Amino acid sequence: HLGYRDIPIDIYDSRAHLVARYPYRSADWAVGIGVQAGSFINAELELNFEYMDIEPEVAIPDPVLFPSWKNRLRTLRFSNIIDQRDNTLIPRRGYMLSAKYEGSFVQLLSSDRYYKFNIIFENYLPLTARHTVRFYGFYGQASQDIPVYKNFYLGGPKNFVGLEYFQLTGQKIGIVRLDWRYRFSDRWYGTLIANSAYDERRQNERIVGGTFRWMHALGAALTLDTPFGPFEVTYAYNFNSFYANKNNESYLYFRAGYNF
């Protein structure tokens, strides 16, 4: 495949202050093989070549704390998805299991050496014609020396509510979540959310204060199913946070349309 990305990555300190922004610009291409067997196996193995041009946007340049990258990465990537859900947008039954691995090694003559992998599991159980329960789990782990632009960046209504978008970042992250969804009509749905997250994060080889522990949050969502995709508003409240001044905070999220 051929690809290009230009997506900003925000770096926060232990008090959730934005200290740097990295416009992640890169072009990549890959060669590989794929195997598909119904909905049980959808596996891909590829050798990826990525060419980066990442410069930090900071008030005072500091190449030690906030370096720039013009690396040439060669990574081995593997992914497999088992999707048994009855609907990809608003499922009522079935499960989805996803596993991904990415490694950059000396043998590939890559600019950086690291690895990362994650596993995602979703299971939908219909209790009655109107009630559906969703169990969600995420586990991701990366090498301690992974560059900051390859960390996990999560947070938001798709995976964890209780932080800003992509504020759940680190080298090791675990998420457990329970959703209870009620169907008001053919188009309107309401959802109650309870989730917890574990985070281990290091910056410049130092442990970031507030991490290496669990945080907990609750939420509620209202969804409208339309021909243009679901429109959803989610409110969340956290009881504690990985960031020192973000305990007992409220958040509002909005999603609209299809995700590709």
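Taking amide H atoms as placed 1.01 Å from N in the peptide plane, the amide H of PHE160 lies under 5 Å from those of GLY155, each 5 or more residues away in sequence or on another chain. Candidate cross-link partners of LYS150 among the aspartates and glutamates, defined by an alpha-carbon separation under 17 Å and a same-chain spacing of 8 or more, comprise ASP6, ASP10, ASP28, GLU50, ASP53, GLU55, GLU102, ASP112, ASP199, GLU200, GLU205. Fewest-first ordering of HIS131, HIS17 by other beta carbons within 10 Å of each residue's beta carbon gives HIS17, HIS131.
Around the amide H of TYR24, modelled in the peptide plane, lie the amide H atoms of ILE7, ILE9, all under 5 Å away and 5 or more residues distant in sequence or on another chain.
Averaged over residues, the count of other Cβ atoms within 10 Å places the peptides 24-33, 176-185, 238-247 in the sequence 238-247, 176-185, 24-33, highest first.
When the Cα convex hull of the stretch 161-224 is projected onto planes of every orientation, the mean area is 4.9 nm². Ordered by the number of other Cβ atoms lying within 10 Å of each residue's own Cβ, fewest first, VAL133, VAL208, VAL106 fall into the sequence VAL106, VAL133, VAL208. 3J(HN,Hα) along the stretch 148-153, derived from phi through the Karplus expression 6.51 cos²θ - 1.76 cosθ + 1.60 where θ = phi - 60°, amounts to 4, 6, 10, 4, 6, 10 Hz, with x in place of Gly and Pro. Cα centroid separation, the stretch 229-254 to the stretch 133-153: 19 Å. Per-residue 3J(HN,Hα) values for the stretch 108-125, derived from phi via the Karplus relation 6.51 cos²θ - 1.76 cosθ + 1.60 with θ = phi - 60°, read 8, 6, 8, 5, 10, 10, 6, 8, 7, 8, 8, 10, 10, 10, 10, 9, 10, 10 Hz in sequence order (x marks Gly and Pro).
Inverting the pair-averaged 1/r between distinct Cα atoms of the stretch 2-256 gives 19.9 Å as its Kirkwood hydrodynamic radius.
With respect to the cross-link table entries LYS70/LYS100; LYS70/LYS246; LYS70/LYS158, which display a Cα-Cα separation exceeding 27 Å? Present the calculation step by step, with values, prior to reporting the outcome.
Details: LYS70/LYS100 25 Å; LYS70/LYS246 34 Å; LYS70/LYS158 31 Å.
Those over the limit are LYS70/LYS246; LYS70/LYS158.
In order along the stretch 12-19, the Karplus-derived 3J(HN,Hα) couplings, from 6.51 cos²θ - 1.76 cosθ + 1.60 at θ = phi - 60°, round to 10, 8, 5, 10, 6, 7, 6, 10 Hz, and Gly and Pro are given as x. Between GLN36, TYR153, GLY170, the Cα set farthest toward the positive side of the dipole of the stretch 2-256 (charges on each charged residue's Cβ, about the Cα centre) is that of GLN36. For GLN171, nonlocal amide neighbours, meaning residues 5 or more places apart or on other chains whose placed amide H falls under 5 Å from its own, are GLU200, ARG201, ARG202.
Only the coordinates and a few stated rules stand behind these numbers; no lab work does. Model, not experiment: these values are computed from the prediction. Don't worry about glycine lacking a Cβ; one is built from the backbone with ideal geometry, like all the others, and counts go over all protein chains shown.
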